Amino acid sequence: MKKDIPILKVTDIVVAVVPRVDEEDFWDVYLINLKPRPIQSVLVNSVGYGEVEGEKVKTTTMRYFFDDIQGDQYIKIEPILKNLLSIANEYWISFSYDGYLYDKKYIFVEGSIDEMNFTTIPLLNIKGVMIR
C-alpha cells in the first residue's frame, strides 16, 4: 500500500549557481553531494521559464545523467547565460542512495540569482547562490 512506502527527505544535496571568473556572459550550475558516500544513477532535468523584456520565455528542457557523484564531491551540470538569470530556473534531481530512490526540485525563482543572495558555496569555496 501507498502508506507502506517510505518518503525520505533529500538532505545534503546542493544545487549552486556561480559566476565564471573569466567570462562575464556565462555562469555555471553545480550539483554538490555533501553526503559521506556516493549518490548513484543521478538524473537532472533543467528548464527555465518566465518573462524577459515583457515576453514569455521557456528554455529547452535539458536532461543529464551521471552514473555516480562521490561523497563530498561536486559536478558541473551546465553553463547558463547571464541574460537567463532573471527568469525562474528549475532543476529536478533524482538519484539512488542506500537502496532508496530520492527526488527533489530546486527552483531558483525569478530574480533570486543575484549578488545580494551570494553565499560561500561548500566544497567550491567561491561565492554564488545555492539551494540546499
- Query: Picking from Tyr100, Tyr49, Tyr64, Tyr91, which residue would you name as being of a type outside the set (A, V, I, L, M, F, W, C) and in contact with a Pro (Cβ under 9 Å, 6 or more places away or on another chain)?
  - Reply: Tyr100
- One residue from Met116, Met130 being at negative phi and assigned to a helix (DSSP H, G or I): Met116
- Scanning segment 24-61 for residues that are of a type in the set (Asp, Glu) and either touching a helix residue (DSSP H, G or I) at 6+ places or on another chain (Cβ under 9 Å) or part of a strand (DSSP E or B) (or both) gives Glu24, Asp25, Asp28, Glu51, Glu55
- Name every residue in segment 84-112 that is assigned to a loop (DSSP other than H, G, I, E, B) and over 13 Å from Gln40 (Cβ atoms), in order of residue number. Leu85, Ser86, Ile87, Val109, Glu110, Gly111, Ser112
- Pair list, Cβ under 6 Å, 6 or more apart: segment 29-42 residue crowded, with 18+ Cβ neighbours inside 10 Å, other residue of a type in the set (Phe, Trp, Tyr): Tyr30/Tyr74; Ile32/Tyr74; Ile39/Phe95; Ile39/Tyr97; Val42/Phe66; Val42/Phe95
- Item | Flag if Tyr64 is farther than 14 Å from Met130 by Cα, more than 16 Å from the chain's Cα centre (by Cα) and among the aromatic types (Phe, Trp, Tyr) | no
- Note on the structure: Conditions (1) under 16 Å from Trp27 (Cα atoms); (2) polar (S, T, N, Q); (3) surrounded by fewer than 16 Cβ atoms within 10 Å (Cβ to Cβ); (4) touching an Asp or Glu at 6+ places or on another chain (Cβ under 9 Å) -> Asn45 fails only (1)
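Every number in this text was worked out from the coordinates using simple rules, so none of it is lab data. Bear in mind that the values here come from a model prediction, so they are computed numbers and not experimental data. Backbone-built Cβ (ideal geometry, glycine too); neighbour counts: all protein chains shown.
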